[in-house]
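A short write-up of the structure that comes next.
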Amino acid sequence: ALALAGQLAASAVQAQVWDASDHPAQPGTDGQLPAGVILIGRSVALPSALNAGITAADLRRRPLEPGQIEVFVQVEAVLPPDTTAAAELTAAIDGTTVTLRALSFSADATGRCPVQRLSIPLDRPVGTLLSLALRLPGDVLDLDDRVELLLPRQERLRVLLVGAKPDPFVSIALAGLAEAGAISVASIEPAAWRADLAADVVIFAGWLPSEWSARPALVIDPPAGRPPIDALAIAGGLAVDSPRLADPGHALLYGVASARVAALQTAVLPSAGPLTPLWSSPAGPFLAAGEIQGARMVALAAAVDRSERLALTSVWPLLIGNALLWCTQPERDRQGGERHHTGTVLTLKGAQLTWSDGTTLRSASHLVELDRLGAWRTEAGETGSAALLDSGESVLPVAPPASGEQAASPWWRGDLMPLLLGLLLGLLLLEAWLYHRLGVA
């Protein structure tokens, strides 16, 4: 914007560009303007800022806890320096309040408050629209106080287990998840495998099809040399105690005590390629996750039933649950709708977009600007939501001191050069006067 304004101003003589903003451009940005164009910043910031806003919000299913959803919320605030304030954060589903949190803010000498992050659990929520509302007395910006999120459908994951002799501990872990209501499991022999079988995620136990079809998959003890993994077999296996972690923060390892694992590695997974290593031994990676042909995959090159400390610990069912959720995360996110910042321009399949407040917008070009807050959906089944969610917008700047305030500052602050020059001139005049008097005497 600054460069475009400079091009327009360059056509005039003695042109100026005025930047009126709460964050006016600094003098160092003059290099973006043509020669002869002067940049003048005009601050329109408030003399005193008082605002709290939601700067991040997202939903997450809890592993191994069917129907349990966590709402992660980040709140930032700016207050008058060295003051405190109290606020309330409410969560409502389809207009019914389900929880309320009290927040307390304390500003430092600059008015900034520490960032607050909250986790709000939802127990089997029934409804479609989750609304978050933040209330702070005297808040000067309402646009960052409200966020709407579409709740995902509470459906069981359809899991298909394919293997000639599946590991019994794999079946036990899946049976526990099915009993808890998280998944439904179907098992088939490799000879009955078809790429068009309906399932949200497929578990291949000791077997891989000759032709790979892109779909979410968990591969346990993969056969050597079979694409798309191309694992290298280890004769007799390799006992691994406390595997090395390549990425401890990966979602697949959430809550997993990797240091307690003692597994029998049966193959080495490629360290370079579409799968990212997560567990490694001196021989190489044996747990990896990534995307192949646009679908997520998790590969575990270990014999679970022959591992010393894996199947009979809490690590195993948690690892299976994390893998199933992680592999199906993109599809579940699409069901819950995509979250965007306000002002985003989208290309949609549908020609009619309906907001949660009932407002309808038609676009023959299928280009739509998200110009308001709230959730939306189209007649083509697309869903999403729009919110401000911007720390730079919520943490409001404060206007610089007025010129009168600067003039009232103590005389010894600021540029002392004029004072020193005045003293030097007075000293020279005094010396000349004394020399003249003494010379006359």
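The values are calculated or read from the model by the stated rules, or taken from the named source; none is laboratory data. Worth saying up front: this structure is predicted, and the values here are computed from it rather than measured. No Cβ is skipped: glycine too gets one built from the backbone with ideal geometry, and neighbour counts run over all protein chains shown.
Below are the figures for this structure:
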quantity: Top-ranked residue in region 341-388 [being closer than 23 Å to VAL75 by Cα and out of contact with any strand residue (DSSP E or B) (no Cβ under 6 Å at 6 or more places or on another chain); ranked as surrounded by the most Cβ atoms within 10 Å (Cβ to Cβ)]; calculated: LEU388
quantity: Given (1) surrounded by 22 or more Cβ atoms within 10 Å (Cβ to Cβ); (2) touching a Phe, Trp or Tyr at 6+ places or on another chain (Cβ under 6 Å), number of the condition ALA311 does not satisfy; calculated: (1)
quantity: Subset of region 138-177 (residues that are under 30 Å from TRP355 (Cβ atoms) and among the hydrophobic types (A, V, I, L, M, F, W, C)); calculated: VAL140, LEU141, LEU143, VAL147, LEU149, LEU150, LEU151
quantity: Looking only at region 191-220, and only at residues there that are part of a strand (DSSP E or B) and touching an Asp or Glu at 6+ places or on another chain (Cβ under 8 Å), the one that is surrounded by the fewest Cβ atoms within 10 Å (Cβ to Cβ); calculated: ALA205
quantity: Test: residue in region 95-109 that is acidic (Asp, Glu), in contact (Cβ under 8 Å) with a residue 24 or more places away in the chain, surrounded by 11 or more Cβ atoms within 10 Å (Cβ to Cβ) and under 19 Å from PRO137 (Cβ atoms); calculated: no
quantity: Top-ranked residue in region 215-227 [being farther than 17 Å from ALA263 by Cβ and under 30 Å from the mean Cα position of the chain (by Cα); ranked as modelled with the lowest pLDDT]; calculated: ARG215
quantity: Search result, residues across region 361-392 that are within 17 Å of the chain's Cα centre (by Cα) and either aliphatic (A, V, I, L, M) or assigned to a helix (DSSP H, G or I) (or both); calculated: ALA386, ALA387, LEU388, LEU389, SER391, GLY392
quantity: Of all residues making up region 131-186, the number that are acidic (Asp, Glu) and surrounded by fewer than 17 Cβ atoms within 10 Å (Cβ to Cβ); calculated: 3
quantity: Residue under evaluation GLY284, criteria (1) on the phi > 0 side of the Ramachandran plot; (2) within 23 Å of the chain's Cα centre (by Cα); (3) at pLDDT 95 or above, criterion not met; calculated: (2)
